[in-house]
Amino acid sequence: MFDVIIAGCGPTGAMLAAELRLHDVRVLVLEKETEPASFVRIVGLHIRSLELMAMRGLLDRILQHGRQRPPGGFFAAIPKPAPKGLDSAYAYLLGIPQPVIVRLLEEHAIELGAQVRRGCAVAGFEQDDEGVTVELADGEQLRSRYLVGCDGGRSTVRKLLGVGFPGEPSRTETLMGEMEVGVPQEEITAKVTEIRETHQPFCLRPFGEGVYSVVVPAAGVSDRAKPPTLEDFKQQLRTIAGTDFGVHSPRWLSRFGDATRLAERYRVGRVLLAGDAAHIHPPTGGQGLNLGVQDAFNLGWKLAAQIHGWAPETLLDTYEAERHPVAEDVLDNTRAQMELHSTEPGPQAVRRLLTELMDFDEVNRYLIEKITAIGIRYDFGEGPDLLGRRLHDIDVKQGNLYGLLHRGRGLLLDRTERLTVGGWSDRVDYLADPTAVLDVPCVLLRPDGHVAWIGDDQQDLDDHLSRWFGKPAN
């Protein structure tokens, strides 16, 4: 009997397993693939995801395998630098091979005690008042208290659950890959600048050591049911740029569409959805992996609280209430970005206008904070603007704030030195630090780093501790 079975050991599933293990939840991760993906696709960790990795003590390990670059030019690939003074100690993009980040997160989950079984596909399940019986493709049956589908856009769990996945089917397709080039970078830069004035679904971006990320339209190339070839890329480059830039030695090649869909529900009884199983969208802006990892951080501590019996009645429901609107916003901004990639006169006129507007710091900052997820504010009711937002990493007398969140517990940061977490000390840590650089007297942080309460009154604090962390232990 497991507490949670997770279908899918991608970034979302592995991160969720690790978050659950921080609270001693018995976790089994089922991955249908027998071996990790062999292709080396570079993905980007945005600011909020980097913050979350820092909160769990993972960032230093991950940084060794990635390349940092400034967090600008994300929105529809409009080449604007990031605004100065972004509210984060981790204001950069980390490019990292997707198999590497998956491996690191899986290793982290296993180190914490999660079990991972490869070559195991979920074929069916039935749930009752006590738990979920999961049937594997080979007929084996497993029992758990909860099941979470982190099994991608074609999620078997979502389909078996009968949850609708409305949205728009793919209308256009794009080729994406990484390969070496045979011409100087200066020649590539000049040609890309020229082409982007009229043809937006086109990109050659360097990743170091002569390797480039190449993005070109897929229209007119080989059968969409077959994997793209290097010759497909060469053909499209010659059509658009008049040269194939001498591309060779591809690391990986793929094609993607602009399908955009969002699950109608994230939870039905004891079965939940997270990551691409709950939402899919085009990769423009690089938000997909980040959105799934952030789902896992939101869900993990809440599901653990439910399993251990101290969760307030509606706590698990706040997962969908908070993350569904975030996914809606991501889908909308990717829709907008895809429109701005169109070569039609209308979208191009809007693109030129937005390019001008992004010269205003407020506009540029708003879009960067949206893409990197540091602008998210959950609805926790009336209160100061900081309420419901994540708190950036700050220096405290014990080092840095995020260093105090490695165990995945709540935290009361008390600048008055008069408050206490009392009977919640088994779930919430306490730090008295009058020197902490904050504009408010005290903050209560959830395990995901979002501000759950601001104030200096003990009774008001107790009410909010009960709201988020259940009844006191004594």
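The values are calculated or read from the model by the stated rules, or taken from the named source; none is laboratory data. As the structure is a computational prediction, the values presented were derived from the model and not from experiment. Glycine also receives a Cβ, built like all others from the backbone with ideal geometry; neighbour counts cover every protein chain displayed. Only protein heavy atoms, including side chains, enter the accessible area calculation; ligands, DNA and RNA are left aside. Shrake-Rupley method; radii C 1.70, N 1.55, O 1.52, S 1.80 Å.
Brief remarks on what is shown
- The one condition from (1) under 22 Å from residue 312 (Cα atoms); (2) touching a strand residue (DSSP E or B) at 6+ places or on another chain (Cβ under 9 Å) that residue 423 does not meet is (2).
- Residues (open to solvent by 60 Å² or more (accessible area, probe 1.4 Å) and not in a loop (DSSP other than H, G, I, E, B)) located in the stretch 226-248: 231, 235, 238, 239, 248
- Whether a residue is part of a strand (DSSP E or B) and farther than 28 Å from residue 29 by Cβ was assessed, and residue 254 does not pass this test.
- Identity of the residue in the stretch 203-225, farther than 12 Å from residue 173 by Cβ and at pLDDT below 80, that ends up surrounded by the most Cβ atoms within 10 Å (Cβ to Cβ): 207
- Residues located in the stretch 277-318, provided they are open to solvent by 10 Å² or more (accessible area, probe 1.4 Å), more than 30 Å from residue 95 (Cβ to Cβ) and assigned to a loop (DSSP other than H, G, I, E, B): 309, 310, 311, 312, 313, 314
- Among the residues making up the stretch 97-135, those that are out of contact with any helix residue (DSSP H, G or I) (no Cβ under 7 Å at 6 or more places or on another chain), surrounded by 14 or more Cβ atoms within 10 Å (Cβ to Cβ) and either part of a helix (DSSP H, G or I) or of a type in the set (Phe, Trp, Tyr) (or both) are 98, 99, 100, 103, 107, 110.
- Residue check: residue 39 meets all listed conditions (1) assigned to a strand (DSSP E or B); (2) modelled with pLDDT under 90 but one, namely (1).
- Per this entry, residue 468 is counted among residues that are surrounded by 14 or more Cβ atoms within 10 Å (Cβ to Cβ), assigned to a helix (DSSP H, G or I) and in contact (Cβ under 8 Å) with a residue 40 or more places away in the chain.
- Selection count where residues are crowded, with 16+ Cβ neighbours inside 10 Å and part of a loop (DSSP other than H, G, I, E, B), scope the stretch 387-399: 5
- Within the stretch 25-67, being touching a residue at least 24 places away in the same chain (Cβ under 8 Å), open to solvent by 40 Å² or more (accessible area, probe 1.4 Å) and of a type outside the set (A, V, I, L, M, F, W, C) holds for 26, 32, 33, 34, 35, 36, 38, 41, 57, 61, 65, 67.
- Residue that is surrounded by the fewest Cβ atoms within 10 Å (Cβ to Cβ) [pool: residues in the stretch 325-382 that are hydroxyl-bearing (Ser, Thr, Tyr) and over 19 Å from residue 290 (Cα atoms)]: 343
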